[in-house]
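First the structure, in the form of structure tokens, and then the observations on it.
The values are calculated or read from the model by the stated rules, or taken from the named source; none is laboratory data. Small disclaimer: the values here were computed from a predicted structure and weren't measured. Don't worry about glycine lacking a Cβ; one is built from the backbone with ideal geometry, like all the others, and counts go over all protein chains shown. Ligands, DNA and RNA are stripped out before the accessible areas are found, and what is left, the full protein with its side chains, is counted by its heavy atoms. Shrake-Rupley method; radii C 1.70, N 1.55, O 1.52, S 1.80 Å.
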Amino acid sequence: VLQLLRGVQRGSEDRKQSLSHLRWALQNKETQQKFVRLDGSIRTLIGLFTSSLADMQMEAACCLHELSHSSDPAMAEACLPVTSYLLTYLSGHSVEFTELCLYTLGNLVVESEAVRKQLLPQGIIPVLASCIQSPHEPVLEGLGYVLSQLLQAKEAPTEIIPLVLDSVLPQHMLRLVCSGLKAGTGAAVEFAWCLHYIVCSHAANAALLSLGALPALSSLLLDMASEIPQDAPEGLELLVCPVLRCLSNLLAEETSCEVQLQDERLLIALFLILQCFLQQHPFIAQECLWLLNNLTADQPFFCSALLSLDLLPALLQLLPCSQVASVLVLTVLCNIAVKGPAYCQQLHQQHALPLLLPTLALPDPVVVGQCLELLHLLFLHWPEAAADFVRQGGHRALEQYQSIPELEERVRALLDMIGQPLGAATFSPCHTTLSAFS
């Protein structure tokens, strides 16, 4: 390592070769640590990085990039002197060089709070904002990477997100996400996750709503559902996931905005996406169900649409998928049932009860508890469902839970309702919008 550094410092004819060898050597963790401890090592790299020799600049940039891959915060802090130059070189150089600088910045900010605290006063957000209008997909993807790392920092809600919201970044990110199906998807994926991290801070949601984020992302969801082939291309789930999460969290935060989304095509889009990704990427099913829950939580429009479009069988088929899926399916059904007798009548007529009985047999008190809540709403609003439940032997399924502490009170209430279907309720349903995974 010392020989390579001396070869670089001497300025001999083989300096570029020494620099190239150093670049490969710095892929090793121990070599990285030895290198930064050598006197003048980082200063030498910075000197070459800022030189007028393009080939030397690129090799030095590659060396710095290798150092930035280290997960050791001390390594990132050793690179602190180079951060201002990295920002400077984000404009006016080759696409390849700009991309390299962006990924080096992204690697440094994720490991070190000291680096982030130095970059913010240096104006990293305005510089990134100036890059977002680049016509080059690799630059945009690298920019999205830097932003996503910054937005995940623990100080992001108070120190970084306000700066991002004061810039032109949100509207351009939204535009690039929504054009992701027509342009390269790499940048769209990065910016979709950036929007997700902003939405998770909640305080930023009013700003995003004012930019039209809900209708824009809803339209993108419709486009994705209509263009997904039978075998979805690998990687598309990385764009679908943050879009679903953004919509879910925006709805959870701003319940007065459902009126903007009264489009039953959204339900069809969700079930198409569910069908497409369920086998290979089951986590997408959970994301779809979170959004479906938040769509049906307050406004009756989507509850009516789900029933009228005959989507209930497809929803009920998801009950056995996983514990999370089961609870979410049952919560969506509770959202429908709590709307009153007409909705409970439709649930009963569309044969929801026979599929609930196997759910009562599951060895999972959380799922069973949610199923009990749904049965309570059905029996309360549509007593015929209670009589049908008894005819199907449901009361025997209930009796097995009378001795389980967290369920016994609700089980007794339901058994009372079976005996007196028109009796008063003894526990209240819980139905609300839910924040998606953050």
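Would you mind getting me the FRET efficiency between Val95 and Ile268? Use the beta-carbon distance for r and R0 = 56 Å, nearest 0.05.
Numbers: r = 40 Å, r/R0 = 0.72.
For Val95 and Ile268, the calculated efficiency is 0.90.
Give the carbon-plus-sulfur fraction of the accessible surface of the range 1-122 in %, rounded to a whole number; probe 1.4 Å, heavy atoms of protein chains only. Don't jump to the answer; show the numbers that get you there.
On the way: 2760 of 5820 Å².
The value for the range 1-122 is 47 percent carbon and sulfur by accessible area.
Just the C-alpha atoms of the range 1-122: what Rg/Rh do they give, with Rh taken as the Kirkwood radius?
0.94
Of the candidates Leu250, Leu274, Leu398, which one comes out as most mobile in a Gaussian network treatment of the chain with C-alpha springs shorter than 10 Å?
Leu398
What lysines could a cross-link reach from Lys154, if we take a straight Cα to Cα line under 18 Å and drop same-chain neighbours fewer than 8 places away?
Partners within reach: Lys117.
Give me a comma-separated list of calculated 3J(HN,Hα) values for the range 314-323, in order, Karplus coefficients 6.51, -1.76, 1.60 applied at θ = phi - 60°, integers in Hz, x for any Gly or Pro.
5, 5, 5, 5, 7, 3, x, 4, 6, 4
Where the centre of each part is set by its Cα atoms, how far does the range 108-142 sit from the range 53-101, in angstrom?
The range 108-142 and the range 53-101 have Cα centres spaced 12 Å from each other.
Taking the Cα centre of the chain as origin and charging only Cβ (+1 Lys, Arg; -1 Asp, Glu), how large is the dipole, in debye to the nearest 20? Display every interim value, and only then the final one.
Details: 21 positive and 41 negative charges, 154 e Å.
For this selection, approximately 740 debye.
Between Ala269, Ser308, Gln349, whose Cα lies farthest towards the positive end of the dipole of the range 216-355 when Lys and Arg beta carbons carry +1 and Asp and Glu beta carbons carry -1, centred on the Cα centre?
Towards the positive end, the residue furthest out is Gln349.
So how much slack lies between Ser167 and Ala387, counting 0.36 nm per residue of separation and subtracting their Cα-Cα distance, in nm?
Extending this stretch completely gives an extra 73.1 nm.
How much net charge surrounds Phe35 when only the other residues with a Cβ under 13 Å from the Cβ of Phe35 are counted, with Lys and Arg +1 and Asp and Glu -1? Write out the running numbers ahead of the final one.
Values: positive: Arg6, Arg23, Lys29, Lys34, Arg37, Arg43; negative: Glu30, Asp39, Glu66, Asp72.
Result for the neighbourhood of Phe35: +2.
If we count every other residue with Cβ under 15 angstrom of Met173's Cβ, Lys/Arg +1 and Asp/Glu -1, where does the sum land? Don't jump to the answer; show the numbers that get you there.
On the way: positive: Arg175, Arg245; negative: Glu137, Glu141, Asp166, Glu190.
That works out to -2.
For Trp24 and Arg6, calculate 0.36 nm times their separation in residues minus their Cα-Cα distance, and state this gained length in nm to one decimal. Working shown, then result.
Numbers: separation 18, 0.36 × 18 = 6.48 nm, distance 1.62 nm.
Extra length available between Trp24 and Arg6 comes to 4.9 nm.
Using DSSP to call loops (not H, G, I, E or B), can you name the chymotrypsin sites (Phe, Trp or Tyr not before Pro) in the range 368-418 whose Cβ has at most 16 other Cβ atoms within 10 angstrom? Display every interim value, and only then the final one.
Details: sites: Phe379, Phe389, Tyr401; in loops: Tyr401.
Answer by residue number: there is no such site.
Can you give me the angle between helix 54-68 and the longest principal axis of the chain, using Cα atoms only, in degrees from 0 to 90, rounded to the nearest 10?
Compared with the principal axis, the helix lies near 50 degrees.
How large is the accessible surface per residue of the chain, computed with a 1.4 Å probe and reported in Å² as a whole number?
Values: 18590 Å² over 438 residues.
Per residue, the chain has an accessible area of 42 Å².
Give the label of the value calculated from the structure for Cα Rg over 2.2 N^0.38 Å, choosing from (1) 1.43; (2) 1.26; (3) 2.82.
Recomputing Cα Rg over 2.2 N^0.38 Å here gives the entry labelled (2).
Taking Cα atoms, how many degrees apart are the long axis of helix 283-296 and the longest axis of the chain, rounded to 10 and kept between 0 and 90?
Helix 283-296 and the main axis of the chain meet at about 60 degrees.
Please work out how much accessible surface Glu384 shows to a 1.4 Å probe, ignoring ligands, DNA and RNA, in Å² rounded to 10.
Only protein atoms counted, so the area is about 110 Å².
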